[in-house]
Every structure is written in structure tokens, then in C-alpha cells.
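Take a look at the structure set out below.
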Amino acid sequence: MESRAPKSPLAVYLLIWVILGFYAIYWYFRAVSYLNSIDQEHSQSIRKIASFVSVFLALYLTGFAIVFVQHKRGVFLPEQPARQALLDLLFLMAVRWNVLAPVVVVRLATRMRRVQEEDGIVDTASPGRTLLAYFLWFLAFPYLQYHLNRLAEVRLDA
């Protein structure tokens, strides 16, 4: 983010939907690395973030593996019919998107607010609005991208 022009919040939102949520993980790493370059005092360890994101990926890939293996056999296993496999996939994705991800975006919004306040930005990213926007069709990502763009503009003007 620091070497390239700020991204459009709409582009971030569309990429998240088109790439089935994987772009959200990439975007999060980029946002954290940008904030780390600005706010060295409160920087987050990429190793710690990677371990947290690996839980996301494990849940995501496990769900797809369940459905893939059952589909590959041609017939769903008798002890686990098709409906159960899809319910397993939905449960794993629900845990990922409704429990773990909101915690991550609210923490990012809190950190972004602190950096924005240090730079004198009046209308800062709100963790409450971020959480609400997250549950409204994942609008937290374009909301936070908008605030990252504002932060980058203030940094460029300074």
C-alpha cells in the first residue's frame, strides 16, 4: 500500500466477493503491513497474524475438502449424506465469517483509529461502525479501505 496508489473501496469489495473471500485475507495482511510501516510503536507481528489467518484457511479448506471428497466418490458416504456434508461446510464457514473475522476487523479498526487520531484526523474509523458494516454484506472492508485511503492522503500531504 505504501508504494502504490490507494485502492478503491469498491474494488476491494468486489474482489472479496469474486475471489470467494480469499482477497479479504490478502487485504488484511496488506492493511496491517501498511499500519506497521506508519505506527512502528504499536506494530503487530506478522507471525502472530499468520497463525491466526492459518485458522481461517484451515476452516475454509476443510469445508471444501469435505464436499470435494464426497463428490469425488460419486456417491456420498452412507454415514454422512450430501446434506450433512453441506451443513459441515456451512458450519465451518459460519465460524470463520461470523466469529473469527469480526474480531479481526474490529481490532484493525481500533488500531486504525489510534493512528488516525495521532495524525489529527477528525472522523476516524469506528470499531462499532466497522462491526455493523461487517455484518451488512461484509461492508467493513470497503469502510476500512476508505479510512486507509484517508490516512494515506494525510500522510502524503504532510
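The values are calculated or read from the model by the stated rules, or taken from the named source; none is laboratory data. For clarity, every value in this text was computed on a predicted model and none was experimentally measured. Here Cβ is always computed from backbone atoms with ideal geometry, including for glycine, and neighbour counts include all displayed protein chains.
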**Prompt:** Considering region 118-130 alone, what residues qualify as being at pLDDT below 95 and part of a helix (DSSP H, G or I)?
**Reply:** GLU118
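Do we find that PHE141 is among the aromatic types (Phe, Trp, Tyr), buried (at least 16 other Cβ atoms within 10 Å of the Cβ) and modelled with pLDDT of 90 or more in this structure?
Working: among the aromatic types (Phe, Trp, Tyr): yes; buried (at least 16 other Cβ atoms within 10 Å of the Cβ): yes; modelled with pLDDT of 90 or more: yes.
The answer is yes for PHE141.
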**Complete:** Checked against (1) farther than 22 Å from LEU14 by Cβ; (2) in a helix (DSSP H, G or I); (3) at pLDDT 75 or above, ASP88 satisfies every condition except (3)
**Item:** Any chance LEU57 is modelled with pLDDT of 70 or more, touching a Leu at 6+ places or on another chain (Cβ under 9 Å), part of a helix (DSSP H, G or I) and not β-branched (Val, Ile, Thr)
**Value:** no
**Prompt:** Yes or no: GLU41 acidic (Asp, Glu), outside any helix (DSSP H, G or I) and either closer than 20 Å to ARG113 by Cβ or at pLDDT 75 or above (or both)?
**Reply:** yes
**Prompt:** From the set of residues in region 12-38 that are out of contact with any Ser or Thr (no Cβ under 9 Å at 6 or more places or on another chain), among the small types (Gly, Ala, Ser) and assigned to a helix (DSSP H, G or I), which is farthest from LEU151 (Cα to Cα)?
**Reply:** ALA24
**Asked** Name the pairs: first residue in region 115-128 and surrounded by 15 or more Cβ atoms within 10 Å (Cβ to Cβ), second residue of a type in the set (Gly, Ala, Ser), Cβ to Cβ under 6 Å, at least 6 apart or on different chains?
**Response** ALA125/ALA109; PRO127/ALA109
